[in-house]
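The values are calculated or read from the model by the stated rules, or taken from the named source; none is laboratory data. Remember, predicted model here, so these are calculated numbers, not experimental data. Cβ placement follows ideal geometry from the backbone for every residue including glycine, while neighbour counts extend to all protein chains displayed. For accessibility, only protein heavy atoms count, side chains too; no ligands or nucleic acids. Shrake-Rupley method; radii C 1.70, N 1.55, O 1.52, S 1.80 Å.
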Amino acid sequence: LKAVILIGGPQKGTRFRPLSFEVPKPLFPVAGVPMVQHHIEACSKVPGLKEILLMGFYQPNEALSRFLVSAQQEFKIPIRYLQEYAALGTGGGIYHFRDQILSGGAEAFFVLNADVCSEFPLQEMLEFWQQHGDVHSFVILGTTANRTQALNYGCIVANADTQEVQHYVEKPSTFVSEIINCGIYLFTPAIFQHIGEVFQRNQQELALEESSNGWQRAEVIRLEQDVFTALAGSGKLYVYKTDGFWSQIKSAGSAIYASRLYLNQYSKSHPERLAQNKPGGPVIRGNVYIHPTASIDSTAVLGPNVSIGEGVTVGAGVRVRESIVLHGASLHDHTCVLNTIVGWDSTIGRWARVEGTPSDPNPNDPYAKIDSETLFRDGRLTPSITILGCSVTIPAEVVILNSIVLPHKELSRSYKNQIIL
């Protein structure tokens, strides 16, 4: 067994700016650890999994290399990064590196998208695959969404008895099914034959269109539209439905929501990561992660759903909730931070208030997913999580509401519903 984690590349993550300027999106900390570490940890728990491959077209930089080295030591499993020479789509990358994936005689491999947060029921998918179908069948992880939101995802129509996928549509224009694709798959080497057929077809089509300016590539293959749509109804594709938590992490607002889901899971999986109320320590409400190097005044009140990075200083009387405070930031006395991501090395002055509007799914609907809101609606900034880029300085006694502040800014006054460039 192996696992492949698709981490994308620099021109993606635009909805994640200005945070993705500083760090590749897969390394952005969610619930105190890099986003992709949750995936690696889940893979490392699958018995018999021999290797994890990260695939994307980020230039291998220092942050990525450091992360891979520390993750290999922590999880005791070989992890390699395979860099694509261009954006090849979700299927093109694994097809391009098929020899690396199959080396050592892999019988099956997981493929996980890095921008999802999930309970990752990989072991259950494996058992489901062993019970169902032949060795050449493939499994998609699915979950239930509500009718209107299902249109934003890949929709799966499956046989109620066998769970065989009969029909697959990516982002349909009308309602197809409430079961959506979670972006987590279990494949056997036979998948490469199907991706290869798409590759050949693309090549033939490009050969016919000589006037295509040469910008299209036959190697760009999308698993969802090009492969699953064709495989549906062939008896080779199955869906394993999960009732565990799942969410996309496309925007900064969804990172705070993902952080809540993971912190909630820590109470079962990593209770040692959650801060406790101690005499002489800050007041903790709900699930809070505090990095051991952070210094927090005993009169501060944190939580629920707060993640404090390394070297952060939190002054007296500070109130933080539903927020991520990244390393090196400093919150001076009596500041109030709600629904906000505070960037690396940013400073918030005394008595300042920084607040955003949560973009959480409807809590009354168990199948509601987070909406991928656009930044603007009717020419106005949609109220959402407030984001401070890195090294932003906010003076004392100002109010910042529903705003996005780009890195290295020193603000002099209050702002509301603005992008501060």
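Conditions tested, residue by residue: (1) under 21 Å from the mean Cα position of the chain (by Cα); (2) buried (at least 18 other Cβ atoms within 10 Å of the Cβ); (3) at pLDDT 90 or above.
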{"site": "Pro189", "(1), (2), (3)": "no, no, yes"}
{"site": "Val198", "(1), (2), (3)": "no, yes, yes"}
{"site": "Asn202", "(1), (2), (3)": "no, yes, no"}
{"site": "Leu208", "(1), (2), (3)": "no, no, no"}
{"site": "Trp215", "(1), (2), (3)": "no, no, no"}
{"site": "Ala232", "(1), (2), (3)": "no, yes, yes"}
{"site": "Lys241", "(1), (2), (3)": "yes, no, yes"}
{"site": "Phe245", "(1), (2), (3)": "yes, no, yes"}
{"site": "Gln248", "(1), (2), (3)": "yes, yes, yes"}
*Go through region 304-343 and count every residue that is crowded, with 17+ Cβ neighbours inside 10 Å and either free of Cβ contacts under 8 Å to residues at least 12 places away in the same chain or touching a helix residue (DSSP H, G or I) at 6+ places or on another chain (Cβ under 9 Å) (or both).*
11
*For region 157-175, name all the residues that are crowded, with 19+ Cβ neighbours inside 10 Å and in a loop (DSSP other than H, G, I, E, B).*
Gln163
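Can you tell me which residue in region 129-150 is modelled with the lowest pLDDT, limited to those that are more than 11 Å from Asn181 (Cα to Cα) and touching a strand residue (DSSP E or B) at 6+ places or on another chain (Cβ under 9 Å)? Before the answer, list the steps.
Of the residues in region 129-150, the ones more than 11 Å from Asn181 (Cα to Cα) are 129-138, 146-149.
From what's left, touching a strand residue (DSSP E or B) at 6+ places or on another chain (Cβ under 9 Å): 129, 132-133, 137-138, 149.
Numbers: Trp129: 92, His132: 77, Gly133: 62, Ser137: 89, Phe138: 94, Gln149: 88.
The qualifying residue modelled with the lowest pLDDT is Gly133.
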_Whether any residue in region 252-275 is in a loop (DSSP other than H, G, I, E, B), farther than 24 Å from Asn113 by Cα, open to solvent by 10 Å² or more (accessible area, probe 1.4 Å) and free of Cβ contacts under 8 Å to residues at least 24 places away in the same chain is what I want to check._
no
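Quick one: which residue in Val354, Val288 is closer than 28 Å to Lys45 by Cα and open to solvent by less than 30 Å² (accessible area, probe 1.4 Å)? Lay out the reasoning, then the answer.
Details: Val354 fails: closer than 28 Å to Lys45 by Cα.
So the residue among Val354, Val288 that is closer than 28 Å to Lys45 by Cα and open to solvent by less than 30 Å² (accessible area, probe 1.4 Å) is Val288.
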*Output the residues belonging to region 388-421 that are open to solvent by less than 60 Å² (accessible area, probe 1.4 Å) and of a type outside the set (A, V, I, L, M).*
Gly389, Cys390, Ser391, Thr393, Pro395, Asn402, Ser403, Pro407, Lys409, Ser414, Tyr415
*asked:* Quick check on my filter: what residues within region 14-31 are open to solvent by less than 20 Å² (accessible area, probe 1.4 Å), at pLDDT below 95 and not in a helix (DSSP H, G or I)?
replied: Pro18, Pro24, Phe28
*Residue within region 371-387 that is small (Gly, Ala, Ser), within 23 Å of Ala316 (Cα to Cα) and crowded, with 16+ Cβ neighbours inside 10 Å present*: no
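Can you say whether Asn287 is of a type in the set (S, T, N, Q) and on the phi > 0 side of the Ramachandran plot, as far as the supplied structure shows?
Working: of a type in the set (S, T, N, Q): yes; on the phi > 0 side of the Ramachandran plot: no.
So Asn287 fails the test.
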*Count, please, the residues in region 65-107 that happen to be small (Gly, Ala, Ser) and modelled with pLDDT of 95 or more.*
2
*If we only count helices (runs of 4 or more DSSP H) wholly inside region 32-102, which ones have 2 or more residues that are touching a residue at least 60 places away in the same chain (Cβ under 8 Å) and open to solvent by 30 Å² or more (accessible area, probe 1.4 Å)?*
89-96, 98-102
